Amino acid sequence: MSDLTTIPTFLQGDGEIAQSLQALDWATHPLGPPQDWPDALKTTVHLLLHSPQGMFIWWGDDLIHFYNDAYIPLVGEKHPNCLLQPASEVWREVWDDVAPMVDEIRTTEQGRKEEDRLFILNRYGYPEETYYSYSHTPIIDSSETIRGILGIAKDATKRVVMNRRHKLIQEIFDCTKGAMTREEVCVDVRNALQTNTLDIPFGLLYGIDAEDTGKLILKQTVAIDPAHPTALPEARFSESSVWPFDKVGDGSEIIIEEVDDSSFPTGDWNTPPTQVALIPLGGTGTKEICGVLVAALNPLRPYDEDYASFLEMLRGAVSSAIFRARAFEDEALRNQELKEGDRRKDEFLASLAHELRNPLAPIRSGLEVLKLAKDDPARTEETMAMMVRQTEQMVRLIDDLLDVSRITRGKVNVRLEELDLIIELRNAVDASMPFIKAANHHFELKLPDDQEKVMIFGDPHRLTQIFSNLLNNAAKYTPKGNGKISLEVTTEKDHAVVTVRDNGYGIPPDRQEQIFSMFEQFMHRGNDVSNGLGIGLTLVRSLVEIHQGTISVESEGTDKGSTFTVRFPLLSQSPEQRSLRASEPPATVQAKLSFEPPRDRKILIADDNETATFAMQMIFEMEGYEVEVASDGVEAVEAAHNFHPNIVLMDIGMPNMDGHEAARRIRAMEGGDEIHLVAISGWGRESDMQKSDEAGFDRHLVKPVNPDQLRELLHSLPARRSSEQSASSRP
C-alpha cells in the first residue's frame with residue numbers, strides 16, 4: 001500500500017503511525033482491507049491520524065488498539081508493539097480498573113471524563129506512578145450500534161506530582177513559621193512530612209548535638225517505628241554503619257541506590273522504597289550543618305531532575321526553619337542573659353550605694369574629730385589613719401563600679417569564621433537600602449574589578465551590623481534628595497579596606513576625635529535629625545576592634561561630608577598571628593627617667609575641679625615646691641608660658657580646651673620639650689593612655705591618685721627633660 005494511489009484517503013499522512021498503518025499487510029489482519037472498514041472506523045481513524053492531541057481507538061469486540069503520534073509518549077516502551085493489539089493486552093497491569101469503564105460505556109452508550117486518574121503502569125520496564133486526564137466517547141456505526149471507543153488522553157503526571165511536592169514545601173514553611181525552638185521545628189517538619197508519604201514514604205530527622213558538632217541525635221521519625229533497626233538514636237559524621245553519614249559531612253547530598261529491606265514502611269504504596277536520600281541540612285562543612293534528613297524515595301517515581309529539585313527545596317525549607325529557630329533561641333538566650341545581667345547589676349549598684357555610705361559616715365565623723373583634737377596628736381594620727389582606710393575603701397568601690405562597665409562591654413558576642421567580606425557587605429547594603437532609598441539618595445557600590453573573594457576572619461552578623469550602621473548613619477546625616485553615598489572595597493598589602501563616603505553634614509575637625517565616644521553626637525544646625533551619633537559608632541568601633549581591625553573618620557568640616565575607613569587583616573595572616581597580635585597591648589612609649597632629688601621645682605596644676613586643685617597645691621607647697629594653678633586648658637598654656645614649670649599635672653576633661661590640646665601647645669612652645677607633662681584623668685583604658693602619649697604626655701595617672709605614688713613620681717623626675725628623653729617620649 002506504499003503507492004498513494006492505492007492508500008485510502010483516511011489512512012494518508014506522514015506521521016509515524018500513519019506510515020505504519022500504510023505499510024501493514026491488511027489482507028491477513030482480522031480487520032481486513034481498510035477500504036472495506038465501516039465508515040465509522042474510517043472517519044474516526046482519519047480524525048485520529050490528523051489530531052495534535054493524544055488520541056486512541058479501541059475497536060470491535062477485542063478493542064483493537066489504534067493511537068496516533070501524540071499518544072506514543074503515553075505508552076512508552078510498549079510502542080510500537082502495542083499498535084493494533086487488544087487493549088486488554090496493552091494495559092494488562094491496569095485492566096481490572098479499565099474494564100468496568102468500558103462495560104459502562106457499552107451499557108449506557110454514554111461517554112465519560114476523568115481528571116488526574118492514578119494508574120500504576122509498566123511503560124518502561126518498572127511499575128510507575130502516573131496520572132491521566134482523559135475522555136471516552138462511544139463510536140456508533142450506521143446501525144446505531146456501539147462498535148468502539150474513541151479516547152483523548154493527556155499525561156498529567158508531571159503536574160500532579162509537582163503540585164503535590166510544592167504543597168509539601170509550602171506546608172513546611174507555613175507550619176514552622178511560628179516555631180521558636182529547634183525542637184518545635186522538628187515536630188512541625190515531621191507533621192508536614194507525614195502529609196506526603198507518597199514522595200517521602202518514611203523519614204528520620206537528625207539534629208546536631210549541642211556539645212559535640214560531630215554527633216547526630218535522632219529528633220523525629222516520619223512514618224517509621226522509632227524502634228526500627230535503621231532508626232539509630234545516635235550517630236556520628238565519621239561513621240558509616242546503617243547510614244553512610246560520613247559521606248554527607250561536607251554538605252553533599254547522596255542517594256543510596258537499590259536498598260533492599262522488606263521491613264521498610266511503604267508509606268501510601270504497597271511497595272517498599274528502594275532508594276534513600278541522605279540530605280544534609282544547612283550549608284557546606286560539618287560545622288555549618290544543622291542536621292541530616294534521611295528520606296526514603298517514592299518507589300514508583302524515577303529519581304530524575306524533578307526529584308532532585310524537590311529534595312533541594314525540601315532541604316532549603318527545613319534548613320531555613322531550623323536556622324530561624326536557632327536565631328530565636330539565641331535571641332531568647334541573649335535576652336535572658338541581659339535580664340539576668342540587669343538583675344545582678346541592679347543588685348550590685350544597690351549594694352554599692354550602701355557600701356559607699358559606710359565609709360562616708362566615718363570620714364565625716366573623722367573630720368569632726370580633727371576639729372576637736374587639735375592638741376591631741378595621738379588621736380589626730382589615729383583618726384587620719386582611719387580616714388585613709390575608709391578613703392581607700394571608697395576607691396576600691398569606685399573601681400568596682402568601673403568594672404561593671406567593663407563587664408557590660410565584655411558581653412559582646414562574636415562567632416568568628418572564615419568568610420568572604422564581599423558577601424557580608426552586600427548583606428549590609430541590602431539591609432540599609434530601604435533607608436537610603438527613603439531619603440532619595442544615590443548609592444554606589446564599588447567592588448574589586450577582578451571580583452575575587454576578599455577573605456577575612458569574622459562574624460557575618462557583626463560585619464553586617466558594622467557596615468549597615470555606617471550606611472544608615474550616612475543616609476541619616478545626609479540631606480534628603482541630593483545625597484551621594486558610596487561603599488568601596490579595596491585591598492592594601494595584607495588588609496581589606498572598606499570606605500563609606502557621603503556628602504552630608506560632615507563633622508567639625510574638633511569633634512572627630514570624640515565621635516566614637518559613648519553618647520557623643522553632633523547636631524548640625526537646622527537639620528531635622530533628632531538623634532545624633534550616640535552609641536552606634538561606639539559599638540561599631542568595638543566590633544571592628546574585636547575583629548582586630550581599625551576604623552577612622554575624615555571630614556573637611558561642616559557640610560563637607562564624611563569618610564569612614566575600616567581595615568581588617570586578610571585571611572592570609574594565620575589565626576596564630578592574629579591571636580598573638582590581639583594579645584599585645586597598644587604600644588606606648590615613655591621617657592626613661594633618672595632619679596634626682598627635688599630642687600628648684602615649679603609645678604603647674606591644671607584642673608577645673610577647684611577642690612582637687614586646692615588639696616594638691618597644699619600638699620606640694622608643704623613639700624617645698626613652687627605651685628601655680630590653672631582651671632582650664634587655655635589658662636594652663638598661658639601659665640606654662642609665663643611660669644616656666646618643671647612639671648605640669650594636668651586634667652584631660654577641662655573646659656575651653658582639653659588637656660590633650662593643651663599638652664600639644666605646651667610642647668610646641670619654646671622650651672616645651674623640657675617640661676615633664678603628667679596626665680591625671682578619671683579615664684584609665686589603654687586607649688586613653690595611648691591618646692595621652694600621642695598628645696605629648698610623659699605619664700598618665702588615673703584618679704584618684706595616691707599621694708605616695710605622686711610623691712615617688714615627682715622625686716624620680718629630673719629637673720628638666722633631656723633631648724634624648726624628648727625624642728623617645730613621642731613617636
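What follows is calculated from the coordinates using simple rules that are stated; it is not laboratory data. Fair warning: this is a prediction, and the values are worked out from it, not measured in the lab. Glycine also receives a Cβ, built like all others from the backbone with ideal geometry; neighbour counts cover every protein chain displayed.
In square nanometres and to one decimal, what's the mean projected area of the convex hull around the Cα atoms of region 161-330? Numbers along the way, then the final one.
On the way: hull surface 35.2 nm².
The number I arrive at for region 161-330 is 8.8 nm².
Taking label positions 7 Å along the Cα-Cβ direction at both Thr565 and Asp25, the computed distance is 9.4 nm, reported to one decimal.
For region 1-53, the ratio of Cα radius of gyration to the globular rule of thumb 2.2 N^0.38 Å stands at 1.06.
Please give the charge dipole size of region 602-729, origin at the Cα centre, charges +1 on K and R Cβ atoms and -1 on D and E Cβ atoms. Round to the nearest 20 debye.
Working: 11 positive and 24 negative charges, 54 e Å.
In debye, rounded to 20, region 602-729 gives about 260.
A simple spin-label model places the labels of Ser238 and Trp95 6.1 nm from each other, with each point 7 Å out along Cα-to-Cβ. Checking the table Lys219/Lys247; Lys42/Lys78; Lys215/Lys453 against a 23 Å threshold on Cα-Cα, which pairs fail? With Cα atoms farther than 23 Å apart: Lys42/Lys78; Lys215/Lys453. Rounded to two decimals, the Cα-based Rg/Rh of region 144-183, with Kirkwood Rh, is 1.51.
The stretch between Leu416 and Asp261, if pulled fully straight at 0.36 nm per residue, gains 51.4 nm over its current Cα-Cα span.
The relative contact order of region 161-330 comes to 25 percent, based on Cα pairs under 8 Å that sit 6 or more residues apart. Subtracting the Cα-Cα distance of Asp708 and Glu492 from 0.36 nm times their residue separation leaves 72.8 nm of extension gain.
Here the gap between Lys453 and Arg334, fully extended at 0.36 nm per residue and compared with their Cα-Cα distance, gives a gain of 39.6 nm. Relative to the globular-protein estimate of 2.2 N^0.38 Å, the Cα radius of gyration of region 602-729 stands at 0.94.
Rank by packing, highest mean first: peptides 136-142, 332-338, with packing defined as the count of other Cβ atoms within 10 Å averaged across residues. Display every interim value, and only then the final one.
Details: 136-142: 15.3, 332-338: 11.4.
Ranking, from highest mean packing down: 136-142, 332-338.
Rank-order 605-614, 16-25 by packing density, defined as the average count of other C-beta atoms within 10 Å over each peptide's residues, highest first.
On the way: 605-614: 17.5, 16-25: 15.7.
Descending packing order for the listed peptides: 605-614, 16-25.
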